[in-house]
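Asker: Handing you this structure, nothing more for now.
The values are calculated or read from the model by the stated rules, or taken from the named source; none is laboratory data. Treat the numbers as computed from the prediction; the structure is a model and nothing was measured. Cβ sites come from the backbone with ideal geometry, for glycine too, and all protein chains shown count toward neighbours.
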Amino acid sequence: MPVRNIWFLALATCTEGIRHRALWAIVCLAVLLTMANLGVTTLYTWDLGKVSVEFGLSSVAFTGLLLVFFLGMKILADDLERSRIFMLLSRPVSIWQYLTGKFLGLVMILLLATIILGLSAALSMHYVLWQYPAYVPPNFSWVTYIMALACQWLSLVVVLAVSVLCFSFASQPFVALLLAVSTYLVGQNMELLRRVVTENAHAGALTGQENLVLALSWIFPNLSLFDKKYAAAYGMAFSGQEFMLLCLYGISYSALLIYFATLLFRRKELA
Amino acid sequence: MTVPALEITGLSKGFGSGRKKNQVLTNLSLTITQGEVFGFLGPNGAGKSTTIKLLLHFLKPDSGSLRILGKTVGQEEFRHRIGYLSEFPFFYDHLTARETLRLSGRLSGMERQALDQRIPILLERMTLTEAADRRVGGFSKGMKQRLGMANALIHDPEVLIFDEPMSGLDPVGRHQIKGLIAELKQEGKTIFFSSHILSDIEALCDRIGVINKGVLLYSGGLRDFLVAGCGLEESFVRVIEEANHACA
C-alpha cells in the first residue's frame, strides 16, 4: 500500500509537471543553448572540443537548476497555497508517502529533462567534434560524458531534496526558495572552504575554526563532488567505483533529507 | 448498538500563543449518528471549517478527542471510510477530470477495474461526461465543485464531510448539489456539512448544530430550534444576537 500510494503520487506529479508550460519552455531553452554551443565554441581558437563539452554540461546544470527552483518548488508550494494537499491527505495517505511521492515525481521530471538536455548538448558537441577533429580531447569518451551527465542529475536530485526540506518547515514558499538557493551556493563551495581552512594555516577569520567548518561540511551537501564537467571535457575517465560511491552518497543524503522533511512537515498545521 | 458516525468530545483549538492566542473552538462536543444529515451552521469565523479540518486531522486539537466510526482521529486509520469536499476544491490543473478521479480512487485503495466502472457513472451523475478528458484547469467553479463531489464519492464512503458545498455556485449548480445530497441521504449515507445557506439546511438536514465564536450554541432537531412562528433564518439570527449580547 505505501509503495502503491507513492507510485500514484509520483506519477500524478510527473504528469502535472510534464504538461506544464515550463517544461516546454525548457525544451526551447535546450534548443537555444544547443545553437549557442555551436556559436560560442567557434569564438575560441583552440580547445574547441573542451569548450563545447563544458558548455553543454553547464547548460544542462543551469536549466536543471531552473527546473528545481521554479517548476519543482511551484508544484510543491501550489499544493499548500491552493489547498490541493487536502484532496490528497483526506485519503489514506501519510505525510511521508505524500512527500516521497512528490519528490519522486519531480525526480522523474528532472530525469526526463536531463535526458532531453543531455541529448541536445551531445548533438551540438558531436557536431563541433566532427567539424574540428583536431581539437577532440585525447581519450574523450561518450561513456564519461554520460557518467558526468548522470552526476549532474544526481546533484539536481540532492538540490531538489534540499528544496523539499526547506518547503517542509518554511512559512512562505519564497523563504523556502531563498533557503534552498542559499544551501545550493554553500554546497557548491563547501569542499573548497573545507580545504582552505584545513590545509591553510592563514585562513583569515576562519583560522582555528577547522572543527566548525568540518562539521558544516558534513551537514551541507557537497555538491562539488558531482561536478564532473572537467573530467568529461578533458577526457579524464573516472572510475566506476567513484561513480557508484557518488550515487550512494546522493541517494542516501536525499533519503535522509526527505526523512527530516517528513518529521518537520508532521508538525505543520494545514490551516 | 451502532457506533456514532462522528463523535467530538470537549474539543478546543486556538491559534498563536500567549496574549496573541486566538481561541477558535472552546469545549465543543457533538455526536452524529450513522445515516443522518447534520447541518453545521454559524457566521463567518465561527469555527466551522476549523472543526472540519480537525476531524480530518489537518489540524491538531489543543484538547478533546474526535472519533469517526469509532476510530480515534490521529491514531487510527479511518480515511478510506470518509469522503471530503473542501470549500474551494482545487485540483491539479493539468490532469483531466478522469485522471483526477483515478488518482483519488487509487489513493483510496481502489483497483483499476472497479475505477473503470465507477468513474463514468460518477461523471454522468455530476453531468461531467463531456468534460471527462478535459484538463481541470479550464473548468468553471461549478464544474470544479461537481468534480469535487465526484472526488468525495469515488470510493463510496460511509461518511461524507462537506465544507460549504454550495458556496459560490449559481442557482442551477446549487440545485444539482442539493439534489445529490438528498439522493445520498436516501442511500443512507451520513452527511456532515457546513453551510451559510439556511434554506438548504432547512431542506436537507435531520439535525443541526449552531456554532458562534467557537462555542456550540445548539445541537439537536431542526424543529426544536425554530422559535415559535419564525423561520430558520430568524431563529438563527436571534440565537446569534443573543449569544453576542451575552458575551458583550
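Asker: Could you check A:W46 against (1) of a type in the set (A, V, I, L, M, F, W, C); (2) part of a helix (DSSP H, G or I); (3) at pLDDT below 90 and say which number it fails?
Answerer: (2)
Asker: Output the residue which, of all residues in segment B:71-99 that are part of a loop (DSSP other than H, G, I, E, B) and among the charged types (D, E, K, R), is nearest to the other protein chains (Cβ to nearest Cβ). Let's see the steps before the verdict.
Answerer: Of the residues in segment B:71-99, the ones part of a loop (DSSP other than H, G, I, E, B) are B:73-78, B:86-95.
Still in the running and among the charged types (D, E, K, R): B:76-77, B:87, B:93.
Values: B:E76: 11, B:E77: 6, B:E87: 9, B:D93: 8 Å.
This residue is B:E77.
Asker: Could you say which residue among A:V136, A:V181, A:V196 is closer than 19 Å to A:A233 by Cβ and surrounded by fewer than 22 Cβ atoms within 10 Å (Cβ to Cβ)?
Answerer: Numbers: A:V181 fails: closer than 19 Å to A:A233 by Cβ; A:V196 fails: closer than 19 Å to A:A233 by Cβ.
Only one candidate qualifies: A:V136.
Asker: So, of the residues in segment B:105-132 that are of a type outside the set (S, T, Y) and touching a His at 6+ places or on another chain (Cβ under 7 Å), which turns out to be surrounded by the fewest Cβ atoms within 10 Å (Cβ to Cβ)?
Answerer: Filtering segment B:105-132 for residues of a type outside the set (S, T, Y) gives B:105-107, B:109-126, B:128, B:130-132.
Keeping just the survivors that are touching a His at 6+ places or on another chain (Cβ under 7 Å) gives B:105, B:109-110.
Details: B:G105: 23, B:G109: 15, B:M110: 19.
Of everything passing the filter in segment B:105-132, B:G109 is surrounded by the fewest Cβ atoms within 10 Å (Cβ to Cβ).
Asker: Quick one: is A:F55 under 22 Å from A:T15 (Cβ atoms), part of a helix (DSSP H, G or I) and more than 14 Å from chain B (Cβ to nearest Cβ)? Can you show your working first?
Answerer: Details: under 22 Å from A:T15 (Cβ atoms): no; part of a helix (DSSP H, G or I): yes; more than 14 Å from chain B (Cβ to nearest Cβ): yes.
Answer is no for this residue.
Asker: Of the residues that sit in segment A:144-171 and are surrounded by fewer than 24 Cβ atoms within 10 Å (Cβ to Cβ), touching a residue at least 60 places away in the same chain (Cβ under 8 Å) and more than 15 Å from the chain's Cα centre (by Cα), which one is nearest to A:L257 (Cα to Cα)?
Answerer: Among them, the one singled out is A:S168.
Asker: Taking segment A:77-87 as the search range and keeping residues that are within 7 Å of another protein chain (Cβ to nearest Cβ) and more than 10 Å from A:L270 (Cβ to Cβ), which one is surrounded by the most Cβ atoms within 10 Å (Cβ to Cβ)?
Answerer: Quick first cut of segment A:77-87, residues within 7 Å of another protein chain (Cβ to nearest Cβ) only: A:82-84, A:86-87.
In the following step, the residues that additionally are more than 10 Å from A:L270 (Cβ to Cβ) were identified as A:82, A:84, A:87.
Working: A:R82: 15, A:R84: 19, A:M87: 24.
The residue in question is A:M87.
Asker: Just checking, which of A:T13, A:T63 is under 19 Å from the mean Cα position of the chain (by Cα), within 14 Å of chain B (Cβ to nearest Cβ) and not aliphatic (A, V, I, L, M)?
Answerer: Working: A:T63 fails: within 14 Å of chain B (Cβ to nearest Cβ).
Just one listed residue meets the conditions, A:T13.
Asker: Out of the residues in segment B:49-91 meeting the condition of being more than 21 Å from B:K13 (Cβ to Cβ) and crowded, with 21+ Cβ neighbours inside 10 Å, tell me which one is farthest from the chain's Cα centre (by Cα).
Answerer: By that ranking, first place goes to B:F91.
Asker: Then there's this: Among the residues of segment B:142-168, which ones are farther than 19 Å from B:T190 by Cβ and within 14 Å of chain A (Cβ to nearest Cβ)? I'd like the intermediate steps shown before the answer.
Answerer: Let us first name the residues in segment B:142-168 that are farther than 19 Å from B:T190 by Cβ, namely B:142-147, B:167-168.
Listed by number, the residues that qualify are B:K144, B:Q145, B:L147, B:S167.
Asker: If you don't mind, another one. Restricting attention to segment B:49-67, and to residues there that are more than 8 Å from chain A (Cβ to nearest Cβ) and in contact with a helix residue (DSSP H, G or I) (Cβ under 7 Å, 6 or more places away or on another chain), which single residue is farthest from B:V24 (Cα to Cα)?
Answerer: The selected residue is B:L66.
Asker: Additional query: Just to be sure, is B:G42 surrounded by 20 or more Cβ atoms within 10 Å (Cβ to Cβ) and within 14 Å of chain A (Cβ to nearest Cβ)?
Answerer: Details: surrounded by 20 or more Cβ atoms within 10 Å (Cβ to Cβ): yes; within 14 Å of chain A (Cβ to nearest Cβ): no.
Taking the combined requirement at face value, the residue does not satisfy it.
Asker: Can you pull out every residue in segment A:220-253 that is outside any helix (DSSP H, G or I), hydrophobic (A, V, I, L, M, F, W, C) and either without any contact (Cβ under 8 Å) to a residue 12 or more places away in the chain or surrounded by fewer than 17 Cβ atoms within 10 Å (Cβ to Cβ) (or both)? Full working, then the answer.
Answerer: Going through segment A:220-253, the residues outside any helix (DSSP H, G or I) turn out to be A:220-222, A:227-228, A:234-239.
Now restrict to residues that are hydrophobic (A, V, I, L, M, F, W, C): A:220, A:236-238.
The answer is A:M236, A:A237, A:F238.
Asker: Return yes or no: is A:G39 surrounded by fewer than 22 Cβ atoms within 10 Å (Cβ to Cβ) and part of a helix (DSSP H, G or I)?
Answerer: On the way: surrounded by fewer than 22 Cβ atoms within 10 Å (Cβ to Cβ): yes; part of a helix (DSSP H, G or I): yes.
Against the criterion (surrounded by fewer than 22 Cβ atoms within 10 Å (Cβ to Cβ) and part of a helix (DSSP H, G or I)), A:G39 qualifies.
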